[in-house]
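These notes are about the structure you will find just below.
The values are calculated or read from the model by the stated rules, or taken from the named source; none is laboratory data. Bear in mind the structure is a predicted one, so any value in this text is a computation, not a measurement. Cβ placement follows ideal geometry from the backbone for every residue including glycine, while neighbour counts extend to all protein chains displayed. Areas reflect the complete protein model, heavy atoms only, side chains present, ligands, DNA and RNA absent. Shrake-Rupley method; radii C 1.70, N 1.55, O 1.52, S 1.80 Å.
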Amino acid sequence: MHRVDWGRDFAVFDEGWLPREPSGVASLACSRDRLEHALRAAVLRSGRVRLERAVRARGLLLDGRGEAAGVSTGAGPLPAHWVIDAMGRGTPLPRWLAALGVDPPPTTRVRAGRAYATRHYRGLSRDWGALLGVTRPPDVTRGVIVYPTETDWDYVTLVGAAGDAPPRDPAGFEAFARSLPYLWAPLSRAEPISPVWCYRDTETRQRHVDAHPAWPPRLLAVGDALCALNPVHAQGMTVAAICAEALDDVLAAGREDVTRRYHRAVAAAVSDAVTLAVAEDLRWCRPPQRDHPTVSRRLARKVRDHLDRLDPRAPAQRAAYLRLWHLLDPLPAELRARPVSAVHEAPAGVSAPEVVGGDVE
């Protein structure tokens, strides 16, 4: 793996090149396959987790009290004392709940119209460890992130905003890349070694389980299944880790009423991540969307103004900016939003998700 300092090793093009100075904010760069292999091996090595191979969960099981009791599979029921939904932003859990007569949780969606496409390249010659080309509304709708892996190839991800989506075909991908001169010079000499993968489902989607009036006890949601931020912001794994820490804290405090206490605790824990993502996404929404239940347009403007005052050419201020976006430091108190459960309770008998800040589903 490579250790990549976001101030020193990232070449950042934002209407010109930013100076490169150590920031103290670093990532371990590797392929997704390598990361998932290492995590799975570590979990199984603990000896406390058993992996059911070739078993696909097909539905949720509830007991006579309406509490989660396991999942149904093609091989029969799989009982469990706790069920944790870690199935990502495309989780089928809302459908499973509906099949059992349980309303889905109120859901906030912010659709910013951003999209990205990724291709693997070998032989990128450069004097930087990674590359970031920044988009900036309303006119700079194209950007890129180049991220190294543990081997001799790199991820090249083209980002488009305001409907300016990178094409799905190799020729279109290269034409889009050619419009970014700071990228095209090294990319034109590199070797593409994969197809082009496109991603269009980039809405920020938060399921407010903390405000659900009848959520089944012993059913927990984590990571993108609970709070799927726009993946362009690259905060998904951090949010998943925040969920794990919140659950650990709740369990350490006692085993009573864990389901409710966890979902309220995690809603507060991910609040800064949601605020940052929504503040940025609202800049790109066309037409402008209605207010988010906790991140109003007024609060979003205050957050963006705060970030814009941090000079990226001043090392200390750039480090502060990076620490906020990497969720290492909290937002200032005056910029912090409250979770939905602290603002209002969802009405009993909600028959459809409450959609705030986006299109009605």
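Each Lys and Arg contributes +1 and each Asp and Glu -1, all at the Cβ; summed about the Cα centre of the chain, the dipole is approximately 220 debye. Solvent-accessible surface of the chain, averaged per residue with a 1.4 angstrom probe and all protein chains in place: 50 square angstrom. Only helical runs count toward this figure. For the chain, summing -39,500 (n - 2.57) over DSSP H runs of n ≥ 4 and dividing by all residues gives -8500 deg cm²/dmol at 222 nm.
With Cα atoms defining each centre, the range 14-86 and the range 115-186 are spaced 28 Å apart in the structure. Between the labelled values [x] 25; [y] 12; [z] 17, the entry that holds percent of Cα pairs over 40 Å apart as derived from this structure is [z]. Taking the 1.4 Å solvent-accessible surface of the chain as the whole, the part contributed by carbon and sulfur is 53%.
Shape analysis of the range 236-348 places it in the oblate category; the axes a ≥ b ≥ c from the Cα gyration tensor give an a/c of at least 1.5, with a/b not above b/c.
Other residues lying with their Cβ under 12 Å from the Cβ of Ala69 contribute a combined charge of 0, Lys and Arg counting +1, Asp and Glu -1. Taking all Cα pairs closer than 8 Å and separated by 6 or more residues, the relative contact order of the chain comes to 20 percent.
Here, the range 148-270 yields an orientationally averaged convex hull projection of 10.7 nm² when only Cα atoms define the hull.
Amide H contacts of Val25: Trp6, Gly7, each under 5 Å away and 5 or more positions distant or on a separate chain (H built 1.01 Å from N in the peptide plane; Pro and chain starts excluded). Considering only Pro170, Gly123, Leu180, and ranking their Cα positions along the charge dipole of the chain that arises from unit charges at the beta-carbon of Lys, Arg, Asp and Glu, the one farthest toward the positive end is Pro170. What shape does the range 92-163 take by its C-alpha gyration tensor, where a ≥ b ≥ c are the square roots of the eigenvalues and a/c under 1.5 counts as rounded, a/b above b/c as prolate, and the rest as oblate? Oblate. Near Ala117: Cβ cut-off under 10 Å, other residues only, Lys/Arg at +1 and Asp/Glu at -1. The net charge is +2. Coupling constants for the range 204-220 follow from the phi torsions by the Karplus curve (6.51 cos²θ - 1.76 cosθ + 1.60, θ = phi - 60°), and in residue order they are 7, 10, 10, 9, 8, 4, 5, 10, 7, x, 9, 5, x, x, 6, 10, 10 Hz; glycine and proline get x. Would you mind classifying the range 28-158 by shape? Square roots of the alpha carbon gyration tensor eigenvalues, ordered a ≥ b ≥ c; an a/c under 1.5 is rounded, otherwise it is prolate if a/b is larger than b/c and oblate if not. Taking the square roots of the gyration eigenvalues as a ≥ b ≥ c, the range 28-158 is oblate. Note on the chain: GNM, Cα springs under 10 Å; of Leu39, Leu219, Leu158, the largest mean-square fluctuation is that of Leu39.
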